[in-house]
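S.K.: Here it is, the structure in full.
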Amino acid sequence: MTSTNSDEISNAKLRKSTILQAATSLFCRQGYSGTRMTDIAKAIGVTKPIIYRYYVSKEELFAEWVELILAQERNALTGLINGEAHPLREVTKTILQRSLNGLGNQTMMAPWRIALIEAETFPNISKLICSRFKDPLLIEIENLFVRGIAKGELNGDAFTLARLFTSPIACAAVIVATFGDSTFSAGDLKKLFDAHYDGFWVAWGK
């Protein structure tokens, strides 16, 4: 690869990163429908045709933005699940705490909120969230519980336990995405997750 080609690739990556940073701010504030490619171009001081050099449509840009946001949290949780060996009780506690932090992060919650509010405008976003975030993490947690059962830390079936464990997190995400913090405060959610943790281990732990 020549130096010129390398510089072009580097510049393209930098420009795309700049576009995504601007898109993050706008999509979080204005949603999908309320954000125009013109708005993104204006935010970074370029013309709209420049944006279209890197993204053929707003839908493509939005899909990449959603993937970026979800990948950051998915990778963090996957690293936690597959990191250094710790007692399963400790790992599940940390997963719930990480999830609680995510529910309070407006950027992290933006794709969920848009998926609920603008489902008719962008119907594929729900599939994107499932395929890029929910389903892979569910598999990782199921595998975590398989290991926990093998070590004698849990009773039951890993497939069922993974869904029992994650269902309250998913429900809380839907509520927060729909109503914001007007229904549950951070303290309320912590109490909910603490009660879920205690109940899960009373019912299924050894």
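S.K.: Could you say which residue among F193, F145, F184 is in the same structural domain as A76 (by TED's automatic domain parsing), touching a residue at least 60 places away in the same chain (Cβ under 8 Å) and aromatic (F, W, Y)?
M.R.: One residue alone meets the criteria, F193.
S.K.: Within region 31-42, does at least one residue satisfy the condition of being of a type outside the set (D, E), surrounded by fewer than 13 Cβ atoms within 10 Å (Cβ to Cβ) and outside the structural domain of G148 (by TED's automatic domain parsing)?
M.R.: There is at least one residue in region 31-42 that is of a type outside the set (D, E), surrounded by fewer than 13 Cβ atoms within 10 Å (Cβ to Cβ) and outside the structural domain of G148 (by TED's automatic domain parsing).
S.K.: Follow-up question, since we're still on this one. Of all residues in region 117-161, count the ones that are within 15 Å of A71 (Cα to Cα) and among the basic types (K, R).
M.R.: 3
S.K.: If I filter region 39-58 down to residues being in a loop (DSSP other than H, G, I, E, B) and out of contact with any Asp or Glu (no Cβ under 8 Å at 6 or more places or on another chain), which single residue comes out as farthest from L26 (Cα to Cα)? Write out each step before concluding.
M.R.: Of all residues in region 39-58, those in a loop (DSSP other than H, G, I, E, B) come to 45-47, 55-57.
Cutting the leftovers down to out of contact with any Asp or Glu (no Cβ under 8 Å at 6 or more places or on another chain) gives us 45-47, 56-57.
On the way: G45: 14, V46: 16, T47: 17, V56: 18, S57: 16 Å.
If we take residues in region 39-58 being in a loop (DSSP other than H, G, I, E, B) and out of contact with any Asp or Glu (no Cβ under 8 Å at 6 or more places or on another chain), then V56 is farthest from L26 (Cα to Cα).
S.K.: Out of L88, L96, L100, report the one residue that is in the same structural domain as I141 (by TED's automatic domain parsing) and either touching a His at 6+ places or on another chain (Cβ under 9 Å) or at positive phi (or both).
M.R.: None of the others qualify; the one that does is L96.
S.K.: Among I141, I114, which is outside any loop (DSSP other than H, G, I, E, B), aliphatic (A, V, I, L, M) and touching a Gly at 6+ places or on another chain (Cβ under 9 Å)?
M.R.: Selected residue: I114, the only one of I141, I114 that is outside any loop (DSSP other than H, G, I, E, B), aliphatic (A, V, I, L, M) and touching a Gly at 6+ places or on another chain (Cβ under 9 Å).
S.K.: Exactly one condition in (1) in a helix (DSSP H, G or I); (2) free of Cβ contacts under 8 Å to residues at least 12 places away in the same chain; (3) hydrophobic (A, V, I, L, M, F, W, C) is false for L96; which is it?
M.R.: Unmet for L96, out of (1) in a helix (DSSP H, G or I); (2) free of Cβ contacts under 8 Å to residues at least 12 places away in the same chain; (3) hydrophobic (A, V, I, L, M, F, W, C): (2).
S.K.: How many of the residues making up region 72-93 are touching a residue at least 60 places away in the same chain (Cβ under 8 Å) and either assigned to a helix (DSSP H, G or I) or crowded, with 17+ Cβ neighbours inside 10 Å (or both)?
M.R.: 9
S.K.: Those residues that are surrounded by 14 or more Cβ atoms within 10 Å (Cβ to Cβ) and either at pLDDT 95 or above or more than 12 Å from the chain's Cα centre (by Cα) (or both), I need them from region 127-148; list them, please. Steps first, please.
M.R.: Just the residues of region 127-148 that are surrounded by 14 or more Cβ atoms within 10 Å (Cβ to Cβ), to begin with: 128-129, 132-134, 136-138, 140-148.
Hits for region 127-148 are L138, E140, I141, E142, N143, L144, F145, V146, R147, G148.
S.K.: What pairs come up if the first residue lies in region 149-168 and is surrounded by 12 or more Cβ atoms within 10 Å (Cβ to Cβ), the second is of a type in the set (A, V, I, L, M) and not in a helix (DSSP H, G or I), and their beta carbons are under 8 Å apart, counting only those six or more places apart or on different chains?
M.R.: L161/L154
S.K.: Just checking, which of A119, A177 is in a loop (DSSP other than H, G, I, E, B) and either modelled with pLDDT under 90 or touching a Pro at 6+ places or on another chain (Cβ under 7 Å) (or both)? Give the derivation first.
M.R.: Details: A177 fails: in a loop (DSSP other than H, G, I, E, B).
Matching residue, one of A119, A177: A119.
The values are calculated or read from the model by the stated rules, or taken from the named source; none is laboratory data. Please read these numbers as outputs of a predicted model, since none were measured by experiment. Ideal geometry is used to build each Cβ from the backbone, glycine not excepted, and the neighbour counts take in all protein chains shown.
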